[in-house]
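The values are calculated or read from the model by the stated rules, or taken from the named source; none is laboratory data. It should be emphasised that the depicted structure is a prediction, and the values quoted were computed from it without experimental measurement. Virtual Cβ from ideal backbone geometry, glycine too; neighbours counted across all protein chains shown.
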Amino acid sequence: MSNQTAFEAASTVIPGGVNSPVRAFRSVGGAPRFLVSGHGPYVVDVEGREYVDLVCSWGPLLLGHAHPAVLDAVHAAVDRGLSFGASTPTETELAEAVIARLAPVAVEGRPVVEQMRLVSTGTEATMTAIRLARGVTGRSLVIKFAGHYHGHSDGLLADAGSGLATLALPASAGVPAEIAAQTLVLPYNDPDAVTAAFAEYGDRIAAIIVEAAAANMGVVAPREGFNAFLASVAHANGALLIVDEVLTGFRESAAGWLGLEPVAADIVTFGKVIGGGMPLAALGARREIMEQLAPLGPVYQAGTLSGNPVAVAAGLATLRTADAAVYERVDLVADTISNAVDEALNAAGVEHVISRAGNLFSIQFQSTRATDYAGVQRQEAFRYGPFFHAMLEAGVSLPPSAYEAWFVSAAHDDAAVSRVLAALPAAARAAAA
Ligand code: PLP
């Protein structure tokens with residue numbers, strides 16, 4: 001089957017031919033590649049073409065595709081049954097594994113995460129975190145930052161990053177104005193804006209939600225001290241800080257971005273790596289906050305497939321395999337590739353900066369590094385399409401948008417990295433044109 005045939009067939013029965021808008025090639029042009037398999041750092045499309053994959057399923061595949069330890073765990077779980085709608089001991093093991101990883105992130109000697117609730121998607125995790133914060137505080141308003149993406153629940157789509165940034169949508173149709181009005185959208189990395197919001201609405205603000213490091217408008221690191229400032233201003237005003245680690249968690253370090261920059265988060269959300277490529281996400285907090293969730297408390301949350309045993313098996317195997325050597329490799333590959341992108345674009349005379357937060361990075365096609373969404377949108381994003389297609393032609397699959405992070409894995413060996421490096425000079429020249 002040709003890729004074009006696959007795309008046309010999909011477009012007949014699936015809007016845009018994709019089941020998530022970020023997979024579309026709208027901003028770079030052309031038909032999205034239809035994939036049939038993945039192994040290590042590679043994916044293979046319906047035409048049998050192999051690509052070095054720098055999307056990694058948008059983050060979950062820290063160990064690469066079809067890692068044997070993960071596949072073995074999944075096969076064993078499948079043989080025991082797909083879903084029980086009842087508790088399984090492995091859910092406890094996963095919660096224990098996450099709590100152990102986060103143990104160093106403690107405030108006044110007390111871990112930030114003492115209990116967990118497993119859900120199926122990052123969207124559910126952040127949606128539940130917000131309901132929990134509202135339940136705990138008895139307040140309604142939520143602060144989010146422009147360009148941050150926390151999933152597609154109604155209240156969180158205003159000025160969101162990811163697919164909305166790619167498609168230049170300020171918000172989604174279908175969200176009632178009354179619901180959108182519960183979200184205050186502020187510029188990122190701007191403490192004064194946060195102080196002003198608390199001065200105006202202080203006793204109505206339930207929570208601030210922030211990506212641990214922003215990576216859905218391209219990568220934009222938090223300014224030094226910004227996350228800590230958010231914790232202190234929230235707490236001074238009786239609000240909670242929700243740190244969204246769905247994308248960064250267990251990727252930036254064993255304890256995620258919080259492992260690199262611990263702050264006094266009240267609720268932490270996880271997704272992507274925690275499920276190792278299967279639908280799994282979670283939220284965690286101190287015991288007295290988590291005990292507000294049903295069945296113990298009045299804040300309701302549920303899920304037929306929450307803590308699904310096959311997904312939990314994949315997540316547990318991923319976390320158990322992700323040792324120090326894995327993080328060293330991911331960091332090294334990110335360094336090597338991002339430095340090479342920088343050099344290639346310099347050699348081609350393309351104005352740009354590489355924007356990094358730990359091992360996550362993306363290109364900004366402008367000379368000064370932007371630290372917020374308005375700044376990021378000023379770049380010459382039109383240069384990304386030709387760059388992207390030249391890389392694809394050379395067998396490297398990048399995120400199909402300038403407003404997304406590049407993801408590497410520990411499976412990106414020297415051969416895969418060399419293929420990426422070899423493709424860069426021509427792609428940089430394409431970006432220059
Ligand atoms: N939060 C962040 C920071 C994300 O990057 C994402 C997805 O990209 C989500 C939440 C939503 O996760 P999901 O796509 O699993 O619903």
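The number of residues in region 1-43 that are of a type in the set (Ser, Thr, Tyr) and within 16 Å of the ligand (Cβ to nearest atom) comes to 1. Residues considered: VAL268, VAL233. Of these, the only one that is within 16 Å of the ligand (Cβ to nearest atom) and in the same structural domain as ALA285 (by TED's automatic domain parsing) is VAL268.
Against the list (1) closer than 23 Å to MET290 by Cα; (2) assigned to a loop (DSSP other than H, G, I, E, B); (3) within 14 Å of the ligand (Cβ to nearest atom); (4) not acidic (Asp, Glu), the condition ALA160 fails is (1). Among (1) within 27 Å of THR166 (Cβ to Cβ); (2) touching a residue at least 60 places away in the same chain (Cβ under 8 Å); (3) charged (D, E, K, R), where does GLU245 come up short? Of (1) within 27 Å of THR166 (Cβ to Cβ); (2) touching a residue at least 60 places away in the same chain (Cβ under 8 Å); (3) charged (D, E, K, R), only one is false for GLU245: (2).
Any chance region 22-35 includes a residue that's part of a helix (DSSP H, G or I), more than 18 Å from HIS412 (Cβ to Cβ) and not polar (S, T, N, Q)? Step through it out loud before you land on a result.
Step one: list which residues in region 22-35 are part of a helix (DSSP H, G or I), which gives 22-23.
Filter once more, keeping what is more than 18 Å from HIS412 (Cβ to Cβ): 22-23.
Still in the running and not polar (S, T, N, Q): 22-23.
Scanning region 22-35 turns up at least one residue that is part of a helix (DSSP H, G or I), more than 18 Å from HIS412 (Cβ to Cβ) and not polar (S, T, N, Q).
Taking region 344-376 as the range and being touching a residue at least 40 places away in the same chain (Cβ under 8 Å) and charged (D, E, K, R) as the test, the residues that pass are ARG356, ASP372.
A single entry from VAL78, VAL98, VAL107, VAL112 fulfils the requirement of being among the aliphatic types (A, V, I, L, M) and at pLDDT below 95: VAL107. For region 195-219, what are the residues that are over 15 Å from the mean Cα position of the chain (by Cα) and either polar (S, T, N, Q) or surrounded by fewer than 24 Cβ atoms within 10 Å (Cβ to Cβ) (or both)? Scanning region 195-219 gives THR195, ALA196, ALA197, PHE198, ALA199, GLU200, TYR201, GLY202, ASP203, ARG204.
Looking only at residues of region 113-150 that are in contact with a Leu (Cβ under 6 Å, 6 or more places away or on another chain) and either part of a loop (DSSP other than H, G, I, E, B) or outside the structural domain of VAL219 (by TED's automatic domain parsing) (or both), we find that the one that is nearest to the ligand (Cβ to nearest atom) is HIS150. For beta carbons closer than 9 Å, sequence separation of 6+ or different chains, a first residue in region 113-131 that is more than 11 Å from HIS150 (Cβ to Cβ) and a second that is near the ligand (Cβ under 7 Å from one of its atoms) and among the aromatic types (Phe, Trp, Tyr), there are no qualifying pairs.
Is there a residue in region 244-259 that is within 28 Å of ALA311 (Cα to Cα), more than 13 Å from the ligand (Cβ to nearest atom), among the hydroxyl-bearing types (Ser, Thr, Tyr) and out of contact with any Ser or Thr (no Cβ under 6 Å at 6 or more places or on another chain)? Taking every residue of region 244-259 in turn, at least one turns out to be within 28 Å of ALA311 (Cα to Cα), more than 13 Å from the ligand (Cβ to nearest atom), among the hydroxyl-bearing types (Ser, Thr, Tyr) and out of contact with any Ser or Thr (no Cβ under 6 Å at 6 or more places or on another chain).
Quick one: is VAL70 closer than 22 Å to TYR327 by Cβ, in contact with a helix residue (DSSP H, G or I) (Cβ under 7 Å, 6 or more places away or on another chain), part of a helix (DSSP H, G or I) and away from the ligand (no atom under 16 Å from the Cβ)? The answer is yes for VAL70. Being more than 20 Å from VAL299 (Cα to Cα), of a type in the set (A, V, I, L, M, F, W, C) and within 16 Å of the ligand (Cβ to nearest atom) is a property that does not hold for ALA177.
Here ALA97 meets each of (1) touching a Lys or Arg at 6+ places or on another chain (Cβ under 9 Å); (2) free of Cβ contacts under 8 Å to residues at least 12 places away in the same chain with one exception, condition (2).
For (1) of a type outside the set (Lys, Arg); (2) surrounded by fewer than 17 Cβ atoms within 10 Å (Cβ to Cβ), each residue gets a yes or a no:
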residue: ALA9; (1), (2): yes, yes
residue: VAL18; (1), (2): yes, no
residue: ARG33; (1), (2): no, no
residue: ASP45; (1), (2): yes, no
residue: PRO68; (1), (2): yes, yes
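Cβ separations smaller than 8 Å between residues 6+ apart or across chains give the following pairs from region 151-167 residues that are in the same structural domain as ALA281 (by TED's automatic domain parsing) and closer than 25 Å to GLY29 by Cα to residues that are of a type in the set (D, E, K, R) and part of a loop (DSSP other than H, G, I, E, B): SER162/GLU404; THR166/ARG26; THR166/GLU404; LEU167/ARG26. Check region 294-306 and report whether any residue there is among the β-branched types (Val, Ile, Thr), closer than 18 Å to ALA77 by Cα, crowded, with 24+ Cβ neighbours inside 10 Å and assigned by TED's automatic domain parsing to the domain that holds THR88. There is no residue in region 294-306 that is among the β-branched types (Val, Ile, Thr), closer than 18 Å to ALA77 by Cα, crowded, with 24+ Cβ neighbours inside 10 Å and assigned by TED's automatic domain parsing to the domain that holds THR88. Close Cβ contacts (under 7 Å, 6 or more residues apart or on different chains) running from residues in region 203-225 that are in the same structural domain as VAL246 (by TED's automatic domain parsing) and more than 16 Å from VAL243 (Cβ to Cβ) to residues that are buried (at least 24 other Cβ atoms within 10 Å of the Cβ) and charged (D, E, K, R) comprise GLY218/GLU404.
Restricting the search to region 44-61, which residues are away from the ligand (no atom under 16 Å from the Cβ) and either in a loop (DSSP other than H, G, I, E, B) or closer than 18 Å to ALA405 by Cα (or both)? Can you show your working first?
Step one: of region 44-61, the residues away from the ligand (no atom under 16 Å from the Cβ) are 44-53.
Within region 44-61, VAL46, GLU47, GLY48, ARG49, TYR51, VAL52, ASP53 meet the criteria.
In the condition set (1) near the ligand (Cβ under 8 Å from one of its atoms); (2) out of contact with any helix residue (DSSP H, G or I) (no Cβ under 7 Å at 6 or more places or on another chain), ALA168 is compliant with all but (1).
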